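Single-structure report; data block below.
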Amino acid sequence: VPLQASGGGSVQPGGSLRLSCVGSGSDVRFAVMGWYRQAPGRQREFVATISGRGSTNYADSVKGRFTISRDNAKNTIYLQMNTLKPEDTALYYCNLVIGALNFWGQGTLVTVSS
């Protein structure tokens, strides 16, 4: 289940970005998909997940600012990131879990700086 993430970039504090992650395969729509991030010198951390039915979970640090969504017809999840802060700067990774299988996409870099 290759995962292809995109949408990273550089933005000023308070700005917005939208990340996308496309999976391949007919089982993607049933999978829990999500986003994790890793800042320089820090461990990878949970950001948000969404189930195949659309149930969502968020890290406390992004609640109210980030929104995860999915389009099962396109095998794609999105992460709308608003009111970005410098501490959101990280490499963002797309993740897919189905059964005992766990897949990671390549990271997409988000830089928040003035």
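The values are calculated or read from the model by the stated rules, or taken from the named source; none is laboratory data. For clarity, every value in this text was computed on a predicted model and none was experimentally measured. In this analysis, Cβ positions are derived from the backbone assuming ideal geometry, glycine residues included, and neighbour counts consider all displayed protein chains. Surface areas here come from the heavy atoms of the whole protein model, side chains and all, with no ligands, DNA or RNA. Shrake-Rupley method; radii C 1.70, N 1.55, O 1.52, S 1.80 Å.
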- Item | In segment 1-35, the residues that are of a type outside the set (A, V, I, L, M, F, W, C), touching a residue at least 60 places away in the same chain (Cβ under 8 Å) and closer than 20 Å to ASN75 by Cα | PRO2, GLN4, SER6, GLY7, GLY8, ARG18, GLY23, ASP27, GLY34
- Query: Quick one: is GLY54 small (Gly, Ala, Ser) and within 28 Å of SER113 (Cα to Cα)?
  - Reply: no
- Only residues that are open to solvent by 70 Å² or more (accessible area, probe 1.4 Å), farther than 17 Å from PRO40 by Cα and part of a strand (DSSP E or B): list them for segment 98-114, please. LEU101, ASN102, TRP104
- Task: State whether one or more residues within segment 21-33 are closer than 22 Å to SER113 by Cβ and at pLDDT 95 or above.
- Result: no
- Across (1) open to solvent by less than 30 Å² (accessible area, probe 1.4 Å); (2) in a loop (DSSP other than H, G, I, E, B), GLY25 clears everything bar (1)
- Message: Which pairs turn up if I take residues in segment 97-114 that are under 15 Å from GLU87 (Cβ atoms) and look for partners that are among the β-branched types (Val, Ile, Thr) and assigned to a strand (DSSP E or B) with beta carbon separation below 7 Å, at least 6 apart in sequence or on another chain?
- Response: VAL112/VAL11
- Note on the structure: Residue hits (segment 34-63; part of a loop (DSSP other than H, G, I, E, B) and either hydrophobic (A, V, I, L, M, F, W, C) or open to solvent by less than 20 Å² (accessible area, probe 1.4 Å) (or both)) are ALA39, ALA59, VAL62
- Taking segment 64-79 on its own, how many of its residues are surrounded by 14 or more Cβ atoms within 10 Å (Cβ to Cβ) and in a loop (DSSP other than H, G, I, E, B)? 2
- Only residues that are part of a strand (DSSP E or B), open to solvent by less than 10 Å² (accessible area, probe 1.4 Å) and over 9 Å from TRP35 (Cβ atoms): list them for segment 81-97, please. MET81, ALA90, LEU96
